[in-house]
Amino acid sequence: MIYNVAGLLTAREGTAREVTIENGEIRTDLNRFYRVNGPVRLLRTDKTVLVSAAVSATVNDTCSRCLAPVNINIQTEFEEEFEPANRDLMSERAAPVERDFDPALLIDTRNMLDITDALAQALSITMPLAPRCKDECAGFCTTCFANRNQTACKCDQNPIDPRWQSLAELGARTSNSTN
Ligand SMILES: [Zn+2]
Ligand SMILES: [Zn+2]
């Protein structure tokens, strides 16, 4: 997802270019692999290139309840300004942008604009915190660790939380001592 924007940088302010991401691949340090599709618009502003994207992505993850692999579909909208290293390509009145730019938002000296890192950030923010393989995932049994989607373990028939069990024993002992 790298675009040569030399033409845009030398074009007039307000010039736009539309591109489409088709089956783009993004790998992140969380070991996630996103497959991305969607339109991207590159707009020449007075000092920057404003990138707007509305993409959908599928990504592998694990179910938060049963740890089965799941494919998640997410949508994200993204809008960021990228500042060129070659400011002189823009009009002579283009002064440096005042604020500090994220290095992920810099157009390099060869006029290549790479949206991969910024898009990866936008996608990871959109990820569900506790994905599920299916809405009704039964998860693991906390007693015997059986996957309840696959086996109905026996713990189901005797659902006493161990903490309550020791309280019950304590209660029995207390009532014995008063007798
Ligand atoms: Zn699950
Ligand atoms: Zn169990």
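The values are calculated or read from the model by the stated rules, or taken from the named source; none is laboratory data. Since this is a predicted model, take the numbers as computed values, not measurements. Heads up, the Cβs are rebuilt from the backbone with ideal geometry, glycines too, and the neighbour counts pull from every protein chain shown. Please note that ligands, DNA and RNA were not included when accessible areas were found on the heavy atoms of the full protein model with its side chains. Shrake-Rupley method; radii C 1.70, N 1.55, O 1.52, S 1.80 Å.
A Förster radius of 22 Å, combined with the Cβ-Cβ distance separating CYS153 from THR62, puts the computed FRET efficiency at roughly 0.60. In this simple spin-label approximation, PHE145 and THR28 carry label points 7 Å from Cα along the Cα→Cβ vector, and these lie 2.8 nm apart. Using Cβ point charges alone (K and R +1, D and E -1), the dipole size of region 1-111 about the Cα centre works out to roughly 280 debye.
Using a 1.4 Å probe on the protein heavy atoms, what percent of the accessible area of region 2-126 belongs to carbon and sulfur? Could you put the intermediate results ahead of the total?
Working: 3210 of 7080 Å².
Within region 2-126, the accessible surface is 45 percent carbon and sulfur.
Rounded to the nearest 0.05, what FRET efficiency do ALA85 and ASP135 have when you use their Cβ-Cβ distance and R0 = 45 Å? Walk me through the numbers on the way to the answer.
Numbers: r = 48 Å, r/R0 = 1.07.
Step by step, r from the Cβ atoms, then E = 0.40.
Projecting the Cα positions of LEU8, THR45, THR76 onto the charge dipole of region 2-126 (unit charges on Cβ atoms of Lys, Arg, Asp and Glu, taken about the Cα centre) puts THR76 furthest along the positive direction. Using the Cβ-Cβ distance between GLN121 and ASN37 with R0 = 25 Å, the FRET efficiency computed as 1/(1 + (r/R0)^6) comes to roughly 0.85.
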